[in-house]
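The values are calculated or read from the model by the stated rules, or taken from the named source; none is laboratory data. None of these values were measured; they are calculated from a predicted model. Every residue, glycine as well, gets a Cβ built from its backbone with ideal geometry; the counts of neighbours run over all protein chains shown. The area values use the complete protein model at the heavy-atom level, side chains included, leaving out ligands, DNA and RNA. Shrake-Rupley method; radii C 1.70, N 1.55, O 1.52, S 1.80 Å.
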Amino acid sequence: CPMSANFDTLQIVYNPNDRIEYPMAKIKSLLTQKNACLMDYFVGDQYIHASMISSDTFISRSMQLDLQNKDLLKEFLVSIKSTDSRSDIQTLAEQVYALLLKPFAQTIAGKSLIIIPDGILYKIPFELLEDQGIKLIDEHSVQYEYSAKLLLKKAFLDASVQYTGFAPEYKGNEEIDVPSIEAITLKDMYTNTRELLGPLKFNIPEVVESAFLFKGRSFVGTKVDKQIFLTNSKDTRILHLAMHAITDDQNPDYSQLFFKSNDKSEPLFAYELNEQELKSELAILSACNTGVGTYRRGDGVQSLARAFKAAGCKNIVMSLWPANDASTKDIVVGFLKKLKAGMGKADALRQSKLDYLQTAPPELKQPYYWAGLVLIGDNEAMDFGNNYLSSGILIFLLLTVTIFSLVVIRRKGHFA
């Protein structure tokens with residue numbers, strides 16, 4: 001069996017990632033083009049195993065996962081989800097960096113990162129990790145993927161609509177319109193959920209502003225039901241849902257997004273999404289906990305984002321905890337502006353977060369408000385056409401034709 005040296009103790013430890021048959025030539029070609037490193041993690045009972053692939057390097061390490069490090073990861077998660085200022089966040093972020101990335105620091109320097117997480121690492125936004133007071137987001141774009149093979153999967157590029165957004169209007173404590181059998185199954189969940197489906201102030205402006213950017217479609221208000229989504233989500237490059245969601249940790253198929261059918265909330269279940277065929281190059285899930293769910297060893301986390309992936313969406317912007325309505329709107333709209341301007345997806349999301357941190361008041365710079373949105377997918381730019389470029393070319397052609405015509409006229413006059 002392939003073996004690897006433990007970074008801390010130099011004890012020989014088996015790394016399960018060594019079993020993976022990476023399509024190495026294709027991965028290294030991609031990493032060369034994007035100046036990136038791929039970090040593939042496997043969380044075992046006693047070790048965190050990591051494989052790092054760059055354009056010219058493959059490194060395998062096994063870091064000890066003792067009780068102290070398990071507690072460290074749990075405490076870090078608690079700290080970044082807090083809305084209160086915590087003085088220990090930086091210390092915890094540096095300790096987690098030392099555990100997960102320090103062994104590879106020299107190789108990843110100056111490169112963007114592609115993270116394939118596992119176990120508890122699915123819940124951690126690596127952008128927050130720090131080395132000597134410098135956050136990862138300050139120097140690296142970070143994207144995530146469920147597997148190396150999915151990283152190489154091509155996106156659909158034949159959708160006819162550039163953008164379609166959905167933003168239901170909620171009034172709070174609404175009746176949930178669901179078939180009777182499922183209502184019985186989910187009775188306990190819905191007892192609490194009705195109180196959580198309160199008004200959202202910024203989801204409609206988020207979708208309206210985004211649709212304006214791309215001259216796309218927006219469905220907002222109290223009549224944004226499940227059928228409207230299913231009918232209008234089939235053929236759009238960017239699919240944007242700004243709404244309420246809940247995650248069922250016991251049965252991930254029943255995790256759901258809430259649409260509106262007049263005075264009732266109408267759930268769309270993860271199992272229904274799995275049955276759809278979507279052609280979106282990018283899905284933005286501006287809702288709570290869309291990237292978290294039940295973890296199954298060997299199969300990853302089962303979440304709403306994973307359901308969109310299964311339905312065919314190549315790239316997903318998802319949330320790792322309850323999304324703040326206002327800050328999510330600012331970051332998502334900023335992300336889409338940068339995407340339209342020609343930036344890659346991971347680069348655009350990173351820059352939008354940095355812009356938010358530049359302008360947000362101190363009390364809203366806590367990780368809770370901005371770090372939960374992450375990208376599953378690639379860092380490719382999306383070509384929307386450049387109106388200025390097209391106009392410039394048209395003007396150039398008109399001037400060329402005009403000058404040519406004048407020359408011909410003058411020559412005719414000279415020889416007449």
*Only residues in the range 132-161 that are buried (at least 21 other Cβ atoms within 10 Å of the Cβ) count as the first member; pair them with residues that are of a type in the set (Gly, Ala, Ser) and in a loop (DSSP other than H, G, I, E, B), Cβ under 7 angstrom, at least 6 apart or cross-chain, and list the lot.*
Gln143/Gly377; Glu145/Gly377
*Among the candidates Ile115, Ile134, Ile176, which residue alone is of a type in the set (A, V, I, L, M, F, W, C), within 24 Å of Ala348 (Cα to Cα) and over 18 Å from the mean Cα position of the chain (by Cα)?*
Ile134
*Taking strands (runs of 3 or more DSSP E) that do not extend beyond the range 235-293, which have at least 1 residues that are surrounded by fewer than 22 Cβ atoms within 10 Å (Cβ to Cβ) and modelled with pLDDT under 90?*
244-246, 256-261, 264-269
_Residues to consider are Thr83, Thr107; find the one that is farther than 22 Å from Trp321 by Cα and β-branched (Val, Ile, Thr)._
Thr107
_Take the conditions free of Cβ contacts under 8 Å to residues at least 40 places away in the same chain, touching a helix residue (DSSP H, G or I) at 6+ places or on another chain (Cβ under 6 Å) and open to solvent by less than 40 Å² (accessible area, probe 1.4 Å) and apply them to Ser352. Does it pass?_
yes
*For residues in the range 139-161 being modelled with pLDDT of 90 or more and acidic (Asp, Glu), which is farthest from Lys345 (Cα to Cα)?*
Glu139
*Could you look through the range 15-42, keep only residues that are among the basic types (Lys, Arg) and open to solvent by 80 Å² or more (accessible area, probe 1.4 Å), and pick out the one that is modelled with the highest pLDDT?*
Lys26
*Might you let me know whether the range 267-283 holds any residue that is touching a residue at least 24 places away in the same chain (Cβ under 8 Å), out of contact with any Lys or Arg (no Cβ under 6 Å at 6 or more places or on another chain) and closer than 25 Å to Thr83 by Cβ?*
no
*Taking only the range 79-110 into account, find how many residues are within 26 Å of Ser55 (Cα to Cα) and either out of contact with any helix residue (DSSP H, G or I) (no Cβ under 8 Å at 6 or more places or on another chain) or open to solvent by 50 Å² or more (accessible area, probe 1.4 Å) (or both).*
10
*asked:* Name the single residue that is nearest to Thr32 (Cα to Cα) among those in the range 55-70 being open to solvent by less than 80 Å² (accessible area, probe 1.4 Å) and among the polar types (S, T, N, Q).
replied: Ser55
*Only one of (1) among the polar types (S, T, N, Q); (2) open to solvent by 10 Å² or more (accessible area, probe 1.4 Å); (3) more than 15 Å from Asn203 (Cα to Cα) fails for Asn324. Which number is that?*
(3)
*Does the range 236-243 contain at least one residue that is of a type in the set (D, E, K, R) and closer than 26 Å to Asn173 by Cβ?*
no
*When both residues are 6+ apart or on different chains and their Cβ atoms are under 9 Å apart, which pairs have a first residue that lies in the range 162-182 and is exposed (fewer than 15 other Cβ atoms within 10 Å of the Cβ), and a second that is small (Gly, Ala, Ser) and part of a loop (DSSP other than H, G, I, E, B)?*
Lys171/Gly198; Gly172/Gly198; Asn173/Gly198
